[in-house]
Amino acid sequence: MDERQFGLNIAALRRELSMTQEELADRLHVSAQAVSKWENGRSLPETALLPALSQLLGVRIDQLFETSALRVLEAKFGDGLEAIDVTARLNRLIDEDRLEAPAAAQLL
């Protein structure tokens, strides 16, 4: 188990949802310090928290533990006047360090 990678995954997923550590902690009924420790790879959440954590972050439990190095940091789709943040949607399409997505508006 790579605690550091797990923490990076949690932090990235949380940020994609524009959620603070405090907000995530409140929803899980843990302290913000606990979330900080998870994200810094200093500890792991209790096993019983994993279903709620994955649900809040919008991923399957196994995706919390993925070691994929590929991650979209920021992606916006727009027409020049308005832009939609599609970062989280693209990251969900990553499979084994590959991102295959047709560039079509209906996808985003």
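Just so it is clear, none of the values below were taken in a lab; they were calculated from the coordinates. Since the structure is predicted, the reported quantities are computational estimates derived from the model, not experimental observations. Don't worry about glycine lacking a Cβ; one is built from the backbone with ideal geometry, like all the others, and counts go over all protein chains shown.
Do we find a residue being surrounded by 15 or more Cβ atoms within 10 Å (Cβ to Cβ) and on the phi > 0 side of the Ramachandran plot anywhere in region 20-43?
Yes.
Taking ASP62, is it within 13 Å of the chain's Cα centre (by Cα) and surrounded by fewer than 17 Cβ atoms within 10 Å (Cβ to Cβ)? Before you say what the answer is, go through the steps one by one.
Values: within 13 Å of the chain's Cα centre (by Cα): yes; surrounded by fewer than 17 Cβ atoms within 10 Å (Cβ to Cβ): yes.
Taking the combined requirement at face value, the residue satisfies it.
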